[in-house]
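The values are calculated or read from the model by the stated rules, or taken from the named source; none is laboratory data. Just so we're clear, the structure is a prediction, and the values are computed from it rather than from any experiment. So basically every Cβ, Gly included, is an ideal-geometry build from the backbone, and we count neighbours across all protein chains shown.
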Amino acid sequence: MSGIIESKLADMGVTLPDAPAPAANYVPYVISGDLVFVSGQISKDEGGLILGKLGDNMSVAQGQAAAKVCALNLLAQLKAACGGDLDRLVKVVKLGGFVNATQDFVDHPSVINGASDFIGELLGEAGAHARAAVGSSSLPLGVAVEIEGIFQIR
């Protein structure tokens, strides 16, 4: 099924990946009423894991690209939760971003902007969201970024 959001993705030259399988003992999303809670999506694309540590071997621009990949994985999970119809999305409520960073790295918000800016460009007002951006000494499998999300659907 291809709707307005997927057409906009195509216009942006972006292909939505298949929803990634969970890497441990959890479900990829939970629907409660009109909210979808999507588990943390790591920076993994068709090339594999995007590894790195901000403030060490990864630039902010590379971190932003990894965060955008997380946003695409969030949307893939949301599409699965919506039975294949992303146009059921009403609002991106909140994103929680985690950045694999050195102790002295302080630009976590700029990294997570890679996801927020992409979602804003794609969804306009429906993409405006509350957010957290925090640093972590490590993330699963050594990935650079992990992002979770809460979405309102119809």
### Message
Yes or no: segment 61-77 includes at least one residue that is among the polar types (S, T, N, Q) and not in a helix (DSSP H, G or I).
### Response
no
Exception for Thr15 within (1) assigned to a loop (DSSP other than H, G, I, E, B); (2) in contact with a strand residue (DSSP E or B) (Cβ under 9 Å, 6 or more places away or on another chain) falls at (2)
Ala24: passes all of (1) closer than 25 Å to Ser2 by Cβ; (2) modelled with pLDDT under 95 but (1)
Within segment 23-38, restricting to residues that are under 12 Å from Ala80 (Cβ atoms) and in a loop (DSSP other than H, G, I, E, B), the one that is farthest from the chain's Cα centre (by Cα) is Val27
All conditions in (1) buried (at least 16 other Cβ atoms within 10 Å of the Cβ); (2) under 14 Å from Ile5 (Cβ atoms) are true of Asn100 except (2)
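Would you call Leu54 farther than 25 Å from Ile5 by Cα, buried (at least 22 other Cβ atoms within 10 Å of the Cβ) and of a type outside the set (Lys, Arg)? First the steps, then the outcome.
Working: farther than 25 Å from Ile5 by Cα: yes; buried (at least 22 other Cβ atoms within 10 Å of the Cβ): yes; of a type outside the set (Lys, Arg): yes.
So Leu54 passes the test.
Take Ser2 and decide whether it is of a type in the set (Ser, Thr, Tyr) and modelled with pLDDT of 95 or more.
Values: of a type in the set (Ser, Thr, Tyr): yes; modelled with pLDDT of 95 or more: no.
In short, no.
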Gly63 - would you say it is within 25 Å of Ala101 (Cβ to Cβ), surrounded by 13 or more Cβ atoms within 10 Å (Cβ to Cβ) and out of contact with any Lys or Arg (no Cβ under 8 Å at 6 or more places or on another chain)?
yes
Picked from segment 138-154 (must be crowded, with 24+ Cβ neighbours inside 10 Å and among the small types (Gly, Ala, Ser)), the residue farthest from His108 (Cα to Cα) is Gly149
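Matching residues to (1) more than 25 Å from Ala23 (Cα to Cα); (2) over 11 Å from the mean Cα position of the chain (by Cα); (3) at pLDDT 95 or above:
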residue: Met58; (1), (2), (3): no, yes, yes
residue: Cys70; (1), (2), (3): no, no, yes
residue: Gln77; (1), (2), (3): no, no, yes
residue: Gly97; (1), (2), (3): no, no, yes
residue: Asp107; (1), (2), (3): yes, yes, yes
residue: Gly124; (1), (2), (3): yes, yes, yes
residue: Ala130; (1), (2), (3): yes, yes, yes
residue: Leu139; (1), (2), (3): no, yes, yes
residue: Arg154; (1), (2), (3): yes, yes, yes
Taking segment 9-49 and keeping residues among the charged types (D, E, K, R) and either free of Cβ contacts under 8 Å to residues at least 12 places away in the same chain or closer than 17 Å to Ile153 by Cβ (or both) leaves Asp11, Asp34
Exercise for review: For Arg88, indicate whether it is closer than 24 Å to Met12 by Cα and not β-branched (Val, Ile, Thr).
Suggested key: yes
Residue hits (segment 65-88; aliphatic (A, V, I, L, M), within 16 Å of Gly127 (Cα to Cα) and out of contact with any strand residue (DSSP E or B) (no Cβ under 6 Å at 6 or more places or on another chain)) are Ala71, Leu72, Leu75, Ala76, Leu86
